[in-house]
Structure formats: structure tokens, C-alpha cells
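Trainee: If you scroll down you'll find the structure; I have some questions about it.
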There are 2 protein chains.
Amino acid sequence: MDENIGIGLLGLGTVGSGVVKIIQTPNGRNPLVGKLSIKRIAVRDLTKQREASIPQSILTERPDEVIDDPSVQIVIEVMGGIEPARTLILRAIKAGKSVVTANKAVIARHGEEIAIAAKEAGVYVLIEAAVGGGIPIIEPLKQSLGGNKISRVSGIINGTTNYILTRMDKEGADYSDVLKDAQELGYAESDPAADVEGLDAADKIAILSGLAFGGAINRDKIPTKGINSLNNRDVNYAKRLGYVVKLLAISERHSKKQNKNDSLPLSLWVEPTLVPEKHPLSSVNDVNNAILIEGSPIGQVMFYGPGAGSGPTASAVVADILNIAGIQMMGLHSSILDPLLSGSSWRKCHLAEEAEINQKNYLRLIAEDTPGVIGKIGTIFGQRDISIESIVQFDASEEGAEIVVITHKVNKGKLKAALLAISNLSEIKDIASHMGCL
Amino acid sequence: MDENIGIGLLGLGTVGSGVVKIIQTPNGRNPLVGKLSIKRIAVRDLTKQREASIPQSILTERPDEVIDDPSVQIVIEVMGGIEPARTLILRAIKAGKSVVTANKAVIARHGEEIAIAAKEAGVYVLIEAAVGGGIPIIEPLKQSLGGNKISRVSGIINGTTNYILTRMDKEGADYSDVLKDAQELGYAESDPAADVEGLDAADKIAILSGLAFGGAINRDKIPTKGINSLNNRDVNYAKRLGYVVKLLAISERHSKKQNKNDSLPLSLWVEPTLVPEKHPLSSVNDVNNAILIEGSPIGQVMFYGPGAGSGPTASAVVADILNIAGIQMMGLHSSILDPLLSGSSWRKCHLAEEAEINQKNYLRLIAEDTPGVIGKIGTIFGQRDISIESIVQFDASEEGAEIVVITHKVNKGKLKAALLAISNLSEIKDIASHMGCL
């Protein structure tokens, strides 16, 4: 059993280089790291200048050569993007090799196809690095929390937007100014759409939800709102009311029973959300991520750490490699997988109607500065049985008065009807913003 | 592979009952829970009234009957205490059965003996429930963080003291009053020594340290200070300076190189510590626990959740059972263990001299209310090359002035010499308190 475990990499960018660095300096790490040996690396451009520690002889521009190399036992996909990543992952599986990938976009969209192929081939596809950077969250969901009936997964799972929101909150700065800064500092891409529009967070909550509840949902149907239209007035008012605005991704067991197909209804969404200052997620700042898991009998546990970056993401990739290597060290040649580590689906889940999402709400209304308007708003909510936590009128300007309403939990359908009635009030000029609230 | 996995319990107290409850209601949990079957339970008193869901026929007053029952494959030790728990764990190992235990006292003291026996017998002894209640921390240290060179493990790992400290901080209450309350509420034992004197936290940091750094240290040599002599003046002054007092347990890689025996020097200690308000550990309140892991390349990750209680602890026990069951489901009958899951030591560690612990310090001095005294104190520190973060004189009373000093990082030996010189100043009446500071 003293053989090395051969590793092949598809991609040698930020994360790939981080993985190589860990494997090449095993001293002080888990001794199993010393058993890993990098055999082959696929790169885009062979002529590019690289660190001296990587011998030119193991590089290739042909990913297939990595997959087909008989000394490669585990294939690490760290090239990103949907294609050719998806095809290569499936190729590696077919070749009987376990795969470690950091590719949330592929897993969120093609996770089921890949899981089925992996099960058939008797190999693992591990994805710790796909969500939460270095934070161990995939493995705890698959293994450590397996005794629990999970009710809710929520979290801050996009570092770029959390960086922007942290600065908007601390400095009172405008979204567009902070975004520009973040781009210059390398915290945001030159095309920031995937981050700021919430798409990256939606990919990740789809993955977490699948593991927490045991079945995939249709990722493209997740109601998703980013921070790109967030007004700093709302960040400011939230602060004055004791809240911090965070981009949250949430998946929760819907209160409705499973339907007759025995499919579990879930509510998933991504949205800028007011988090009370005392809530554990409120103090997660800058590019950090945190994921809160609620279930029975555990209650609440939170996992916090760096959500991105070469080192943390490489740490997660190596964690997966070690898990597979550990099992291989047992000299196991059967194709029966550890059911926890393989983490396959065990039931059907589906998205409940968006109108059935239950949440507290933050609303900012622009109204004429007349005495009766708060009463009228209160009456409309009251008639529809929607409880109000607070109504506050902030400084009136020439545009009118700004009224901020925080509701108690109500389903989106009911709230929509109330908002329609409110917008029909002659005193209301605009429903200027609407966010969720914890 | 569709057989059930037979479970035997030693003990049916709070945690044991929680484990039974999870296993008897598998619906909605990881499907592997449904494969677990409780075969035999050792209890202290057969005649005690119990929940109807537990058939009298599987109960016994003889623990050996549980261990020797051929249908029992995994033995769960949840009786607590050092003996007979230690002997029974060793008996189960000898009988070729994997063991899951929540017993931090046994593992902190006899962990090595047990690990060696387990390795010899080719079985697992898993201990997720021994530290941090329901928080997954043992498994992340053994598996998910294995690619890292850990530099520091620190945390709030005793719920009772954190509850007391939270109330002292929020209410300005006295230690003894809050302790009495905590006892009435069931958060503190009638004999609270193990908690309030820091012994329980020392057990747990010894265990975490062994996993993080790969080698055991002598648990009985860990410098340990509890909260039982904590004065609420200090909690109050800390607050005014922007700190919260928490009982921290810390294990860190010492800056000295490994010695010629290649044993890694570590500094471990347990002590009430000032935590800056912005630090992630500062907002961990009530009976919650949190463990912060620092390492390279991951940076910082934190694990937060309920540190005790029937449900959370049972969740951790079941996590371990599932891990073993998962491997058994692979139909593995070899005695080669998964090196990650078995988590055995891989190097020698030893405690560095206490005088070599480096930390920031909080000091409260009682002095005569004369103008020159702050200058004299500053001079003594300066002469010894100890940097000061702040010196503040708080309200003078008839007893004299109270001077609070916060130093930068300095080793304990150097500080001790400075404190001796300060206590020799004629203006200094007393060094009334001395705590660590992050």
C-alpha cells in the first residue's frame, strides 16, 4: 500500500497552481499529502513562462493525455467554464478515474448527469471547492450532518458581492463606485455580471440544496436578484433600523407536505436581504463567506471562512483528493462506493411556487408628505392579515416622504396583492425598493 | 450489502437517548440512518421508567453483553467518566468492533493508548461528539483541512462558562450570582469545577491539538486558568476598551523550530481572554461554541454552533456512526483503515515552556493616585522592550487608582520580570488581574 497516488490536472490557473504548491510541499501537512504525486497537467499554452518547480515534461496542451495517462488515478478539473469542462469530466469518469472539481457552474447545471455517470463507473466526483472556497461545507453536509433532518441552508456565498456590500455599509458609498474599486483591486471581474446579478450564488445554493435535501432542483428556476440595482439609501436605512444588507442565498423546506409523487417542496432564492445586527451572518465581512445550516436535532451550525482565492480553494481541492486517496489506500478495488462520500441523491425535490416563499420584507415607499398616509398603508396590510414589525418615515425631501415598512413573515403572493393596493393609493408615488429581511 | 448495521449503546442518558431518537426516526435524514439498527443497550438501572419506543428486551445492566453481542458491529460509549468507560472502550476494540465515543475526558487522557489499540485491531474510534457538541470539527480537522499546515487552533469550547461570561458582559453581573442562576437553569452542574476552572476546555484543546498538529501532548501540563476568580470590574473595563472577555483554549505552533528529536513545540493554554469586538469569536454568545482554525494556505476558518445538549451531541455521535457504516457498506473486510478517518498521530509534539508563550496581555494595577505612576510603569515596560498598546487610568476610589495596561505580544517570561519590577514600585499596591488578550 505504499505506492503513490497519481494526480492529473486539467488547468493550471490560480487554483491549479495552488494545488501544485500544496502537493509539492507536503511537510507539516497530513502525511497523506506526501503520497500524492503530480503526473500530468493540461495547460492552454505550453510556451507560457511558469514556476521552475513544474517540469515542462509533464505539461501538455491536450487534456485527453492527462485523462488517459495510466499513472493518473485522480483527475482534477480546475479549468472552469461549462465546456469543455463537462465533457472532460465525463471522459475521466468513463476512463474509471475519480474526479475532483471546483466547477460550480458545471455541477449546478449538469450535476445529476455527472453523478449518474460516476455511480455507474464506480468512481467519485468530489466538489468541496465548488462552494465556499476553503470552507469545509460539502463534506459536513454529506457526512457530519447526515443524522439531521435539515430545514434550511442559508448563507453568504459570493465573496465579490459581500466585499461590495461591506464597503457600502461601512462607508455609505455608492454601488457603482465600490464596484469600480473592487475591479481595480481584483475582487471583481471586468465583467461582473455572474457575481453582482446573483447567478454565481444561485449556482452554489443549487448545489448546497441538493446535498442538504437529497435531491436536485432545476437551477434555472431559482428566483435570483443581485445587488446591481441596490441603492445606498436602503443600506443606510437598514443600518439605522439595526440591520445589515447581505446578498443571501437560501434553500428551505417548504411548510407544505411532500406531494403525492413524494417529491419534497423547497423554496430557494437569492436576494439582497436585511440581516439583524445580532444574527451570526451579519458580521461576515469583506470577501468572507459563511453558511448557516439549520436542522433537527442539531439546531444551528455555521461555517465561516475565505470564500475564494488560490490558497483556500486549493485547500478544498486537496481535501477531496485526500478523501479519495484515503479510500484508495485501503487497497479497495471494488466498485462499491462509500455512500456518504459519493453523496448521491436519495429523493426527489422540486421548487415550490415563488408566490409561496415566506419571508419578512423591507419596503421603501415614496409618498406625499401628508399625515394620513401611514395609516392608510397600515390599513391595507391589516386588511390582508399581514403583520407589520415597523413603519418609519424618514426625512422628507422635495420628492416626498420616504416610508420604510418592515413586515413580519408573509408569503410572496399575499404581499404582492397588498403592494398592488398600496401602489394604487393616490399618496404613493413609488415602491422604490423591496428586499427580504431575516 | 443491504444488511443493517448493528449498534450497541453503553449508556442511555441525555446523549444516548438522543442517538436512539435519531436512529428510530430515519425519515428525512441521510438514507444510511435507515440502515442502522439498535441491538443492545447497557443501562445502570433496568427498573427505571423509559420511553415506550425502547423495548425492555434489548436493555441490560451488563456492558459486556453489549460488546459481546454478535449482532453489534459498532459500540457507542456515552456513559461518560474515566472508568469503566476506558476499559470498556478497550474491550470493544479488542472484540474487533469500532467505537464511537463522546467522552472527552477519556480521550484527552488515554487517547494514545486507545488509538494504538484501535490501529492494532483494525477498527475505528471516532470522537466527533467529544468536542464542540454538534459542531463538525473533528472530521474537518482530520479530513477537510488535511492539505493545510495548521498554525493555530483557538476557540470557545465550554458552553457553561460562555453562558456565564455572556451574562456578566451583558448585565454587568457578578460571577457568583450568574453561576447560581446557571445552576438553577441547568446550564451548570451543581459541582461546576470541571467547567469553571477550565479543565473541560483543557481536555478538549488537548484533543483538537492532537488532530491539528498530528501528535499528542501531555494534557496534564496545559496551563489552565478558569473564570472562577474573574472580577466583573475586568469584564466592564474590557468592554469600555472595545473587548469582550471569553474563556479561550488555544494551541499554536511555537515559533521555535522543531528540536533535534524532530518533535514539534506547541504552546497550549486555557485562560479568560480579551477578544476584540470585531473578532469573529467575540459574538459567540450563551452556550454556543466556536473553533477558529488558522493555517496555510487556507487562512482562517471558523466553525460555530451549539456546544452541548442532547440533540447536537447526538447529531455528532450519529455522524461518526454513519462514517463507519459508510465504509462497512463498501463490503470491506480488510483490516487496513482509511488513514484520514482513523486520524492517527503522524509526528511527535511537545509543550514549549510556559514562559515562552507569546501573547498580548491585559493587566489591572491598583496604584496610588499620584501623577508620576503611569510614567514609571511605561518606563519599566520600555526598558524591557515590551510595547504597550494602551495605558488607561480608570476612576480612582479610596483604594487608589486603577490602571489598565494592554501590552503588545510578549513572551510570558519577559512579562513576568516586568511585573516583578512593577510590583516593587512603591506606588503600586497590587497587580489585581492579569489576562490574555487577542
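Trainee: Among the listed residues A:D286, A:D385, A:D338, identify the single one that is among the acidic types (D, E) and in the same structural domain as A:G13 (by TED's automatic domain parsing).
Mentor: A:D338
Trainee: Name every residue in segment B:353-380 that is under 34 Å from the mean Cα position of the chain (by Cα) and either within 24 Å of B:K256 (Cα to Cα) or at pLDDT below 90 (or both), in order of residue number.
Mentor: Selection gives B:E353, B:E354, B:A355, B:E356, B:I357, B:N358, B:Q359, B:K360, B:N361.
Trainee: I'd like the full set of residues that are in contact with a Pro (Cβ under 8 Å, 6 or more places away or on another chain) and within 13 Å of A:S315 (Cα to Cα), limited to segment A:14-34.
Mentor: Result: A:G18, A:K21, A:I22, A:V33.
Trainee: Quick one: what pairs do we get from segment B:169-185, first residue touching a residue at least 40 places away in the same chain (Cβ under 8 Å), second in a helix (DSSP H, G or I) and surrounded by 14 or more Cβ atoms within 10 Å (Cβ to Cβ), C-beta under 6 Å, 6+ apart or different chains?
Mentor: Close Cβ pairs (under 6 Å, with a partner that is in a helix (DSSP H, G or I) and surrounded by 14 or more Cβ atoms within 10 Å (Cβ to Cβ)) amount to B:D169/B:V235; B:A173/B:R167; B:D174/B:N232.
Trainee: Which fully enclosed helices (runs of 4 or more DSSP H) of segment B:1-108 have 2 or more residues being without any contact (Cβ under 8 Å) to a residue 60 or more places away in the chain, under 31 Å from the mean Cα position of the chain (by Cα) and within 14 Å of chain A (Cβ to nearest Cβ)?
Mentor: B:14-24
Yes or no, residue by residue, for (1) away from chain A (no Cβ under 14 Å); (2) of a type in the set (V, I, T); (3) buried (at least 20 other Cβ atoms within 10 Å of the Cβ):
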| residue | (1), (2), (3) |
| --- | --- |
| B:R233 | yes, no, no |
| B:G242 | yes, no, no |
| B:V245 | yes, yes, yes |
| B:S267 | yes, no, yes |
| B:E271 | yes, no, yes |
| B:D286 | no, no, no |
| B:I293 | no, yes, yes |
| B:S296 | no, no, no |
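Trainee: Then there's this: Which pairs turn up if I take residues in segment B:214-241 that are in contact (Cβ under 8 Å) with a residue 24 or more places away in the chain and look for partners that are assigned to a helix (DSSP H, G or I) and of a type in the set (V, I, T) with beta carbon separation below 6 Å, at least 6 apart in sequence or on another chain?
Mentor: Cβ pairs passing all conditions: B:G226/B:V196; B:I227/B:T161; B:I227/B:V196; B:N228/B:V196.
Trainee: Checking the condition in contact with a strand residue (DSSP E or B) (Cβ under 6 Å, 6 or more places away or on another chain) and of a type in the set (S, T, N, Q), which residue from B:S315, B:S310, B:S255, B:S263 passes?
Mentor: That would be B:S263, the only listed residue that is in contact with a strand residue (DSSP E or B) (Cβ under 6 Å, 6 or more places away or on another chain) and of a type in the set (S, T, N, Q).
Trainee: Tally time: how many residues in segment B:27-86 are surrounded by 15 or more Cβ atoms within 10 Å (Cβ to Cβ) and among the basic types (K, R)?
Mentor: The qualifying residues number 6.
Trainee: Taking A:E112, is it modelled with pLDDT under 95 and assigned to a loop (DSSP other than H, G, I, E, B)?
Mentor: Answer is no for this residue.
Trainee: Just one of (1) in contact (Cβ under 8 Å) with a residue 40 or more places away in the chain; (2) assigned to a loop (DSSP other than H, G, I, E, B) trips up A:G295, so point out which.
Mentor: Result: A:G295 fails condition (2) only.
Trainee: Step by step: first the residues of segment B:176-193, then only those that are of a type in the set (A, V, I, L, M, F, W, C) and assigned to a helix (DSSP H, G or I), then the one that is nearest to B:G226 (Cα to Cα). Which residue is that?
Mentor: Among those residues, the one meeting the criterion is B:A193.
Trainee: For segment B:312-331, enumerate the residues that are farther than 19 Å from B:Y163 by Cβ and more than 7 Å from chain A (Cβ to nearest Cβ).
Mentor: Of everything in segment B:312-331, those that are farther than 19 Å from B:Y163 by Cβ and more than 7 Å from chain A (Cβ to nearest Cβ) turn out to be B:A316, B:V317, B:D320, B:I321, B:I324, B:A325, B:Q328.
Trainee: A further question on this structure: Just name the residue that is farthest from the chain's Cα centre (by Cα) out of those in segment B:121-156 that are more than 8 Å from chain A (Cβ to nearest Cβ) and part of a loop (DSSP other than H, G, I, E, B).
Mentor: Once the filter is applied, the top-ranked residue is B:G122.
Trainee: Restricting the search to segment B:109-124, which residues are free of Cβ contacts under 8 Å to residues at least 40 places away in the same chain and either of a type outside the set (A, V, I, L, M, F, W, C) or under 19 Å from B:I217 (Cβ atoms) (or both)?
Mentor: Within segment B:109-124, B:H110, B:E113, B:I114, B:I116, B:E120 qualify.
Trainee: Hey, among the residues in segment A:298-311 that are at the interface with another protein chain (Cβ under 10 Å from one of its Cβ atoms) and in a loop (DSSP other than H, G, I, E, B), which one's surrounded by the fewest Cβ atoms within 10 Å (Cβ to Cβ)?
Mentor: By that ranking, first place goes to A:G309.
Trainee: Of everything in segment A:55-94, what is small (G, A, S) and in contact with an Asp or Glu (Cβ under 7 Å, 6 or more places away or on another chain)? Give them in sequence order.
Mentor: A:A85
Trainee: Okay, moving on. Is it fair to say A:R167 is more than 11 Å from chain B (Cβ to nearest Cβ), in contact with a helix residue (DSSP H, G or I) (Cβ under 6 Å, 6 or more places away or on another chain), more than 30 Å from A:K94 (Cβ to Cβ) and at pLDDT 95 or above?
Mentor: Yes; evaluated as a whole, the condition is true for this residue.
Trainee: Only one of these is in the same structural domain as B:N148 (by TED's automatic domain parsing) and at pLDDT 95 or above: B:S315, B:S296. Name it.
Mentor: Result: B:S296 is the single residue among B:S315, B:S296 that is in the same structural domain as B:N148 (by TED's automatic domain parsing) and at pLDDT 95 or above.
Trainee: While we're here: For B:N228, all conditions in the list (1) out of contact with any strand residue (DSSP E or B) (no Cβ under 6 Å at 6 or more places or on another chain); (2) assigned to a loop (DSSP other than H, G, I, E, B); (3) within 14 Å of chain A (Cβ to nearest Cβ) hold save one; what is the number of the exception?
Mentor: (3)
Trainee: So is A:A173 under 23 Å from A:I93 (Cβ atoms), more than 14 Å from every other protein chain (Cβ to nearest Cβ) and of a type in the set (A, V, I, L, M, F, W, C) or not?
Mentor: no
The values are calculated or read from the model by the stated rules, or taken from the named source; none is laboratory data. Computed from a prediction, not measured in an experiment: that's the story for all the values here. A quick note on method: Cβ atoms are made from the backbone with ideal geometry, for glycine too, and the neighbour counts reach across all protein chains shown.
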